[in-house]
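Have a look at the structure below before the remarks.
The values are calculated or read from the model by the stated rules, or taken from the named source; none is laboratory data. Because the structure is a prediction, the values reported are computed rather than measured. So basically every Cβ, Gly included, is an ideal-geometry build from the backbone, and we count neighbours across all protein chains shown. These accessible areas exclude ligands, DNA and RNA; they are computed on the full protein's heavy atoms, side chains included. Shrake-Rupley method; radii C 1.70, N 1.55, O 1.52, S 1.80 Å.
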Amino acid sequence: MKSDPEFPQPRYSSCSAIRERKPNIAIDGPAGAGKTTIARLAARRLGFTYISTGALYRAITLGLLKRQVDITEFENSSDQESVLQTMTISVGYDSGEPRICLDGEDVTDRLSDASVTQWVSEVARIPKVRACLLDLQRRCASSGGVVMDGRDIGSFVLPDAEFKFFLTASVEERARRRALELQANGQEVSLEQVRSIIEKRDRIDSTRSVAPLIKAEDAIEIDTTGKSIEEVLDELLSHVTRSVHADRGES
Ligand code: DC
């Protein structure tokens, strides 16, 4: 029987050496590679804080949509800074789960809305948007003990993160996972639709001028194709555990 990934495993959670050291862990990779699931579970097992930076870009996208900003025009607008300044984004926690507030309202449950997903890659490639979130992301990680997932965490946001992972998976597998996720949320989508959206997002995320999706030189790549959540989590946490023990001269 496979162990339940939601259920805390004592092997890692009791690792006081890791808790004491509070390293930051960056997890990057393309859409659907499993970053969010793995980052959230890794944080829970280690007793660390989890932050999805995609959620921050999604919150800004929602903020623009709420303000009825035409995002295609906004990309080249001279008003970017003044519009962004009207938005307040903050990260809070409820029973250890991250909650994102936009203009004082908890919008966490709206961040996967189809309209947000449709526009978020366009918003995330705007240099002023990225600059506006950089400071918030770094502040969230300033005390250590954070598992942060995104596209540019190891390469740009937290270049000094002690552990960096880059998760990948074949585009077929990523599309299949996303389609199942959306179907479970009651959204009617075909595998082909999801695959083409993922390919488009990959293209935008990898080719933008500022902080594109890129594997940091010192990141460990984990191909999650055909692996269970538990296998990927185990690979990642084993690496962290081994490394911390090795530094302490333990085997
Ligand atoms: O991980 P996600 O699907 O919630 O990300 C939403 C979008 O935000 C995606 O197009 C990539 C972008 N993003 C980014 O550019 N940089 C990050 N650090 C995180 C997400």
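Things to note:
- All conditions but one from (1) open to solvent by 70 Å² or more (accessible area, probe 1.4 Å); (2) closer than 23 Å to Val146 by Cβ apply to Glu105; the one that does not is (2).
- In region 137-176, residue nearest to Arg19 (Cα to Cα) [restricted to those that are among the polar types (S, T, N, Q) and within 13 Å of the ligand (Cβ to nearest atom)]: Gln137
- Scanning region 19-38 for residues that are part of a helix (DSSP H, G or I) and either of a type in the set (Phe, Trp, Tyr) or near the ligand (Cβ under 10 Å from one of its atoms) (or both) yields Lys35, Thr36.
- Residues in region 69-97 that are closer than 18 Å to Ala124 by Cβ and surrounded by 11 or more Cβ atoms within 10 Å (Cβ to Cβ): Val69, Ile71, Phe74, Glu75, Ser77, Gln80, Glu81, Val83, Leu84, Met87, Ile89, Val91.
- Qualifying residue in region 200-209 (condition: open to solvent by 60 Å² or more (accessible area, probe 1.4 Å), under 18 Å from Val120 (Cα atoms) and near the ligand (Cβ under 10 Å from one of its atoms)): yes
- The residues in region 110-153 that are closer than 20 Å to Ala216 by Cα and buried (at least 19 other Cβ atoms within 10 Å of the Cβ) can be counted, and the count is 14.
- Region 210-231: number of residues that are open to solvent by 60 Å² or more (accessible area, probe 1.4 Å) and away from the ligand (no atom under 12 Å from the Cβ): 9
- Residue within region 106-125 that is near the ligand (Cβ under 9 Å from one of its atoms), in contact with a helix residue (DSSP H, G or I) (Cβ under 8 Å, 6 or more places away or on another chain) and farther than 14 Å from Ile60 by Cβ present: yes
- When Arg21, Arg44 are checked against the criterion of being basic (Lys, Arg), in contact with a strand residue (DSSP E or B) (Cβ under 9 Å, 6 or more places away or on another chain) and open to solvent by 10 Å² or more (accessible area, probe 1.4 Å), Arg44 stands alone in meeting it.
- Qualifying residues in region 178-198 (those that are within 12 Å of the ligand (Cβ to nearest atom) and charged (D, E, K, R)) - the one most open to solvent (accessible area, probe 1.4 Å): Glu181
- Qualifying residue in region 182-195 (condition: farther than 15 Å from Ala124 by Cβ and under 18 Å from the mean Cα position of the chain (by Cα)): yes
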